[in-house]
Structure formats: structure tokens, C-alpha cells
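Where a number appears in this text, it was derived from the coordinates with a stated rule and is not lab data. None of these values were measured; they are calculated from a predicted model. Glycine gets a Cβ as well: all are built from the backbone with ideal geometry, and neighbour counts include every protein chain shown.
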């Protein structure tokens, strides 16, 4: 981890995030109106706060599972090499699956994970990301639902970390080195 001092400038408030999650939950409920049970797969670790808030807002029977993928380590740049550190515990064949990601940046991680999960033959496979940085995309991938589109800034908070720090912030902030 960099020992350079930094400050965090607030970008998206906790109140704004909560309001957007309510909107997203209604859209998801409408999309999955005819589905009895939805399997929500969180990409660890950055999505854990988002997934917790999102599933509490969705009025459906939900099963939650997690997969952990890494392409950052303790740096501010993606290595572009996606490693699966923890796989799903449950089966998803024939089921409706919603993958929850904190941030779509280069697109490598979400494309890798969805390709892996699609090979397991779910009935449907959709994605949602709290944040999207489309200017950083290196591979073609667009999440089905996006909370907020943001500029090319390194962000923390609301579950997203910088070298395992700042996950506990209730808002999204950009890191600025001093």
C-alpha cells in the first residue's frame, strides 16, 4: 500500500446512494416479476455493502451467494488478470441469477465472472453495478443496471477500499493524494 498521505473528497452521499438503490430495486422487481426466487451473487469484497442494502429493498424471495474475484490487490490499477479466490457454494443451473458488482472499470472482472457463471447454464444471468466508469473500459461489457456513472477517479467508501482501508465510509469519495 502507498504510504502517501491522501484525503477523500465526497462524490456521492449516503442519502443519494440509498435513494438510487430503492429505484434499482423497483426496476429489478419489475424485470423479475414472474420469477419465484432470485439468486443474488455478490462479487466480494467491494460489493458487500451494496448487496446488503439492495437485497433488503427487493421484495422477492432471494438466495444470496458470493464469489470473490481479484484483479487489483493493494494497488490503484487493475492487473487485468482476474483470479477467482472463492467460488459459489450453490448451484445456479436453471436459476435466475443477478450478479452484483461494486464498480465496472476495465470490464475484465465482470466479463470473466459472467462468462464463468454462464457456463453453468443459469436460466437468466443479469448484472448490476453500483458504479460505472465507461471511459476506463478495455473490454466490451455493460452491466444491465447501473447505480451511478462516474468519471475516471479512484474511489472508496460504501464497501470499496484502497488497500483494505475506507470500506466503512457511508458515502462514495474520490482519493486525492496530498
So how tilted is helix 48-57 from the main axis of the chain? Cα-based, degrees 0 to 90, rounded to 10. 40 degrees
If the label point is 7 Å along Cα→Cβ of residue 120, which residues in the stretch 126-143 have backbone nitrogen under 18 Å from it? 126-128
So residue 62 and residue 83, fully extended at 0.36 nm per residue minus their Cα-Cα distance, gain in nm 4.9 nm
Using only Cα atoms, figure out Rg for the stretch 128-178 and give it as a multiple of 2.2 N^0.38 Å. 1.20
Out of all DSSP beta bridges with both ends in the chain, state the antiparallel percent to the nearest 5. 35 percent
Which whole number in µm²/s is D for the chain by Stokes-Einstein, with the Kirkwood Rh taken over Cα pairs at 25 °C and 0.890 mPa s? 148 µm²/s
Out of 103, 88, 54, any idea which swings most in a Gaussian network model of the chain, alpha carbons joined below 10 Å? 88
Suppose only helical runs count, i.e. DSSP H with n ≥ 4. What mean residue ellipticity at 222 nm does that imply for the chain under -39500 (n - 2.57) per run, divided by all residues and rounded to the nearest 500 deg cm²/dmol? -7000 deg cm²/dmol
Averaging sequence separations of C-alpha pairs under 8 Å and six or more residues apart, then dividing by the length of the stretch 14-152, give the relative contact order as a whole percent. 22 percent
Using alpha carbons only, how many degrees (0 to 90, rounded to 10) separate the axis of helix 108-118 from the longest principal axis of the chain? 10 degrees
With springs only between Cα atoms under 10 Å, which of 152, 161, 105 fluctuates most in a Gaussian network model of the chain? 152
Residue of 99, 55, 41 that the Gaussian network model of the chain assigns the largest fluctuation, springs spanning Cα pairs under 10 Å: 55
Kirkwood hydrodynamic radius, computed over distinct alpha-carbon pairs, for the stretch 81-178: how many Å, to one decimal? 14.7 Å
